[in-house]
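Following: one structure in structure tokens, then a few remarks.
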Amino acid sequence: MLYTKITEIKNEISKVVIGQEDMVNSILIGLLTNGHILIEGVPGLAKTTTVKAVADVIDLRFKRVQFTPDLLPSDIIGAQIYDMKSGDFKIKRGPIFTNLLLADEINRAPAKVQSALLEVMQEKQVTIADETYSLELPFLVLATQNPIESQGAYELPEAQLDRFMFKILIDYNSKEEEFKIAKSVTLNSFETPNKVASHEDLIELKKAVVNVHIDEEVEKYIVNLIFATREPENYGLQEIKDYIQFGASPRATIDMFKAAKANAFIRGNDHVTPIDIALIFKDIVRHRIVLSYEAQAMDITSDYILQKVIEKVEIP
């Protein structure tokens with residue numbers, strides 16, 4: 001059964017990543033649905049370790065780019081360079097040519113660099129010196145943001161945030177998990193994860209996700225959740241109407257449909273339930289609604305609004 005392959009993958013990742021199950025699940029859902037992920041959390045929460053472990057276990061190529069204010073688009077995409085020996089111009093490919101790209105602290109780079117990356121995320125191809133190169137699939141961007149340090153940061157515009165399927169918020173490990181991490185690092189007792197899946201396995205897993213059943217009433221439930229962020233007054237949510245400047249985009253609905261199937265599959269189900277939807281709703285929508293000035297002045301968060309939505313919209 002293909003679900004056992006997911007269990008194998010998660011078991012191998014857990015050899016080097018203690019806790020952070022939500023982050024691991026989100027990355028797997030992203031891989032199964034071709035959805036990019038924005039990760040927000042303080043440094044030291046195993047973001048790089050987790051992505052590298054996923055790459056190792058599924059035999060994918062992994063690269064990491066540290067975003068800085070002096071970074072150029074060519075540093076990511078590549079450039080045409082002159083070879084003095086041959087006298088010819090050659091193409092030097094950038095780190096974007098990989099399967100899993102960790103864009104560390106994406107909000108540290110200027111807008112032109114962010115735009116270059118986000119364009120590639122959408123098109124899955126790169127243009128260098130008038131030549132277009134298709135990226136090898138799967139291609140997944142996992143971008144990180146540090147919520148603490150805002151000095152010297154360039155916020156991602158809402159239109160570009162919408163390109164990310166998920167925005168996940170990761171927190172510190174539990175006391176027990178941190179004890180286990182510290183002990184394992186001190187004793188150097190982490191196991192090396194084994195490769196237990198291939199590109200071919202990933203293709204088969206994606207096919208299985210597509211075949212997960214989702215009832216029409218459940219699909220309508222997803223649409224109602226999204227519309228409640230645009231027209232809250234029509235869903236008995238007049239109290240949050242003034243807090244929302246713009247609701248979630250149609251891309252949020254599409255991503256909810258895809259991610260709900262993948263989440264059901266990862267949880268071992270052959271059909272989507274409202275629980276599968278509730279587990280991913282905030283992660284998929286929190287970065288797609290624009291708060292009003294009133295909400296910002298009152299420290300009202302997207303998660304507060306989305307909690308009200310999921311409590312009020314009728315479950316099928």
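The values are calculated or read from the model by the stated rules, or taken from the named source; none is laboratory data. Here the structure is a predicted model, which means the values were calculated and not measured. FYI the Cβ positions are ideal-geometry reconstructions off the backbone, even for glycines, and counts take in every protein chain you see.
Consider L156 carefully, then state whether it is out of contact with any Pro (no Cβ under 6 Å at 6 or more places or on another chain), part of a loop (DSSP other than H, G, I, E, B), buried (at least 16 other Cβ atoms within 10 Å of the Cβ) and modelled with pLDDT under 85.
The answer is yes for L156.
The numbered conditions (1) closer than 28 Å to E21 by Cα; (2) touching a Gly at 6+ places or on another chain (Cβ under 6 Å); (3) basic (K, R) are all true for K206 except (2). A count restricted to the range 99-133 and to residues that are outside any helix (DSSP H, G or I), touching a Leu at 6+ places or on another chain (Cβ under 9 Å) and farther than 14 Å from A143 by Cβ stands at 5. Can you tell me which residue is nearest to V185 (Cα to Cα) among those in the range 23-46 that are surrounded by fewer than 20 Cβ atoms within 10 Å (Cβ to Cβ), at pLDDT below 90 and not hydrophobic (A, V, I, L, M, F, W, C)? If we take residues in the range 23-46 being surrounded by fewer than 20 Cβ atoms within 10 Å (Cβ to Cβ), at pLDDT below 90 and not hydrophobic (A, V, I, L, M, F, W, C), then G44 is nearest to V185 (Cα to Cα). Among the residues of the range 231-253, the ones that are loosely packed, with under 15 Cβ neighbours inside 10 Å and without any contact (Cβ under 8 Å) to a residue 60 or more places away in the chain come to 8 in all. Assessment of the range 175-188 against the conditions (surrounded by fewer than 17 Cβ atoms within 10 Å (Cβ to Cβ) and within 26 Å of Q245 (Cα to Cα)) yields no matching residue. Scanning for something in a strand (DSSP E or B), touching a helix residue (DSSP H, G or I) at 6+ places or on another chain (Cβ under 8 Å) and crowded, with 20+ Cβ neighbours inside 10 Å, does the range 64-85 turn up at least one residue? Within the range 64-85, one or more residues are in a strand (DSSP E or B), touching a helix residue (DSSP H, G or I) at 6+ places or on another chain (Cβ under 8 Å) and crowded, with 20+ Cβ neighbours inside 10 Å. Filtering I91, I76, I81 for residues that are in contact with a strand residue (DSSP E or B) (Cβ under 7 Å, 6 or more places away or on another chain) and either of a type in the set (S, T, Y) or at pLDDT 90 or above (or both) leaves a single hit, I76.
To keep it simple, each residue is scored yes or no on (1) modelled with pLDDT of 95 or more; (2) outside any loop (DSSP other than H, G, I, E, B); (3) small (G, A, S); (4) within 25 Å of I27 (Cβ to Cβ).
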{"residue": "N224", "(1), (2), (3), (4)": "yes, yes, no, no"}
{"residue": "E239", "(1), (2), (3), (4)": "no, yes, no, no"}
{"residue": "M256", "(1), (2), (3), (4)": "yes, yes, no, yes"}
{"residue": "A260", "(1), (2), (3), (4)": "yes, yes, yes, yes"}
{"residue": "I277", "(1), (2), (3), (4)": "yes, yes, no, yes"}
{"residue": "F281", "(1), (2), (3), (4)": "yes, yes, no, yes"}
{"residue": "Q307", "(1), (2), (3), (4)": "yes, yes, no, yes"}
{"residue": "E314", "(1), (2), (3), (4)": "no, no, no, no"}
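Out of I81, I96, I76, I58, one residue alone is free of Cβ contacts under 8 Å to residues at least 12 places away in the same chain and β-branched (V, I, T). It is I81.
Just one of the listed residues (I284, I289) is β-branched (V, I, T), in contact with an Asp or Glu (Cβ under 7 Å, 6 or more places away or on another chain) and touching a residue at least 12 places away in the same chain (Cβ under 8 Å), and it is I284.
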